[in-house]
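Structure, as C-alpha cells:
The values are calculated or read from the model by the stated rules, or taken from the named source; none is laboratory data. Given the structure is predicted, the values throughout are model-derived calculations rather than measurements. Don't worry about glycine lacking a Cβ; one is built from the backbone with ideal geometry, like all the others, and counts go over all protein chains shown. Ligands, DNA and RNA are stripped out before the accessible areas are found, and what is left, the full protein with its side chains, is counted by its heavy atoms. Shrake-Rupley method; radii C 1.70, N 1.55, O 1.52, S 1.80 Å.
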Amino acid sequence: MKVIGLTGGISCGKSVCSRHILDNYPNVYIVDADLIARSGLDPGNKPYKTVVDYFEKTYRDPVTQKHIDVLNQDGTVNRPLLGKLVFEHQHVRRMINKATHGYILKEMLSSILKHWRIKDLFSSSDSEPIVIVDAPLLYETYWFSLLCSKIIVVETSEENQLKWLTERNNLTQEDAQNRVNSQMPLIKKIEKADYVISNRNSIEHFKQEADRVFQKAVKESRTFNIVFAIICSILLFFVKLF
Ligand SMILES: CC(C)(COP(=O)(O)OP(=O)(O)OC[C@H]1O[C@@H](n2cnc3c(N)ncnc32)[C@H](O)[C@@H]1O)[C@@H](O)C(=O)NCCC(=O)NCCS
Ligand SMILES: Nc1ncnc2c1ncn2[C@@H]1O[C@H](COP(=O)(O)OP(=O)(O)OP(=O)(O)O)[C@@H](O)[C@H]1O
C-alpha cells in the first residue's frame, strides 16, 4: 500500500481531482477528511457533543451577548450557521479544530490500516492499494501529513477560489474571503509540496495534469512498511483512548 496526501487551498479542485483519479485508476481508495469531519458532527459522536456543549455553556454572540443555538429543530448541526461562525471567529475555529481533529485522525488511521496487506511487504505489484488522503488541512495538522509518503498540492488563483467558492456554497464574497483567510496561505503549501497540480485552465486540462502528477507520485512513493503500520496501530490505540 502507498499513501499519498492530496491538499491545497479551499475550493482549488481537490475533490474534482480525487474523483477523477478514483474513476480512472484501479486499486485507488480515497480517505476524505471533510466527509469524516461531517460524520463527527452527527448527533451522538464526540465532536458533536463538544460543539453543542461549547455553544450551550461558553459561547455568547460577541455583540449581543446572546446565547447562539447552532442546532436545527431535529437536533442536527446547522452547518451553514456553524460554518459562518467558524470562519468569522478564530476562537470558534480553534474550538472546532480541537473538537474534530482527534476524531478525524482516528478515523483516517482506521481507514488507511484497512487497506494495508501483509503480502505487499514481500512483492510490490500493480495491484498494490493506493490510498489518497484528501485533506484540506494536511499541513496545518502535523499528524495528518505524517501519514503520507508524498503530498500533492492543488493550486489555483485566489480569484478562481473565490468565484468557485461563492458559486458552489452560495456564499457572499466576504464569507468566501473569510474561508480563504482561515487557512495556511496557499503559497506556503506550494513551498512544502512534493508535487503541485495547477488548476488555472479548463477542467479537462486539470484532469490531464492530475493524471501526470498522480502517476509520478505513485512511482516515487514508498510502500507503507511494517514499522509504520505498527506505529500507526499504536497511535490509533492511544487516540481511541481519548
Ligand atoms: C466548519 C464546518 C462546519 C463548515 O461546514 P461546511 O459544510 O460549510 O464546509 P465543508 O465541511 O464542506 O468544508 C469546506 C472546506 O472548508 C475548509 N475548512 C473546513 N474546516 C476548516 C477549518 N477548521 N479551518 C480551515 N478551513 C477549514 C476546507 O477547505 C474544507 O474543504 C466544517 O467544515 C467543519 O466541521 N470543520 C472542522 C473540521 C475540519 O477541520 N475539517 C477539515 C479536515 S482536514
Ligand atoms: N478548472 C475549473 N474550472 C471551473 N470550475 C472548476 C474548476 N476546478 C474546480 N471547479 C469547481 O470549483 C468548485 C471547487 O472544486 P472542489 O470541490 O473540487 O474543490 P475542493 O478543493 O475540494 O474544495 P474544498 O476545499 O472546499 O473541499 C467545484 O464546484 C468545482 O466544480
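Could you tell me whether ILE30 is in contact with a helix residue (DSSP H, G or I) (Cβ under 8 Å, 6 or more places away or on another chain), within 16 Å of ligand 1 (Cβ to nearest atom) and aliphatic (A, V, I, L, M)? Here the answer is yes, as ILE30 does meet what is asked. Exactly one residue among ILE151, ILE203, ILE130, ILE112 is β-branched (Val, Ile, Thr), more than 15 Å from ligand 1 (Cβ to nearest atom), in contact with a helix residue (DSSP H, G or I) (Cβ under 8 Å, 6 or more places away or on another chain) and within 30 Å of ILE234 (Cα to Cα), and that residue is ILE130. Among the candidates PHE237, PHE224, the residue that is aromatic (Phe, Trp, Tyr), part of a helix (DSSP H, G or I) and within 21 Å of LYS114 (Cα to Cα) is uniquely PHE237. Take GLY13 and tell me if it is on the phi > 0 side of the Ramachandran plot and either among the hydrophobic types (A, V, I, L, M, F, W, C) or within 16 Å of ligand 1 (Cβ to nearest atom) (or both). Yes: the conditions hold for GLY13. Exactly one residue out of LYS84, LYS46 is within 16 Å of ligand 2 (Cβ to nearest atom) and either more than 30 Å from PHE214 (Cβ to Cβ) or at pLDDT 95 or above (or both): that is LYS84. Would it be correct to say that GLU204 is open to solvent by 80 Å² or more (accessible area, probe 1.4 Å) and in a helix (DSSP H, G or I)? Answer is yes for this residue.
Looking only at residues that are open to solvent by 50 Å² or more (accessible area, probe 1.4 Å) and within 15 Å of ligand 2 (Cβ to nearest atom) in the stretch 1-29, which one is nearest to ASN160 (Cα to Cα)? Going through the qualifying residues, I end up with SER15. Number of residues in the stretch 136-158 that are away from ligand 2 (no atom under 12 Å from the Cβ) and either under 12 Å from the mean Cα position of the chain (by Cα) or open to solvent by 60 Å² or more (accessible area, probe 1.4 Å) (or both) equals 9. Somewhere in the stretch 219-236, is a residue surrounded by fewer than 16 Cβ atoms within 10 Å (Cβ to Cβ) and aromatic (Phe, Trp, Tyr)? No, because not a single residue in the stretch 219-236 is surrounded by fewer than 16 Cβ atoms within 10 Å (Cβ to Cβ) and aromatic (Phe, Trp, Tyr).
For the stretch 54-62, the condition of being away from ligand 2 (no atom under 16 Å from the Cβ), open to solvent by 60 Å² or more (accessible area, probe 1.4 Å) and aromatic (Phe, Trp, Tyr) holds for none of the residues.
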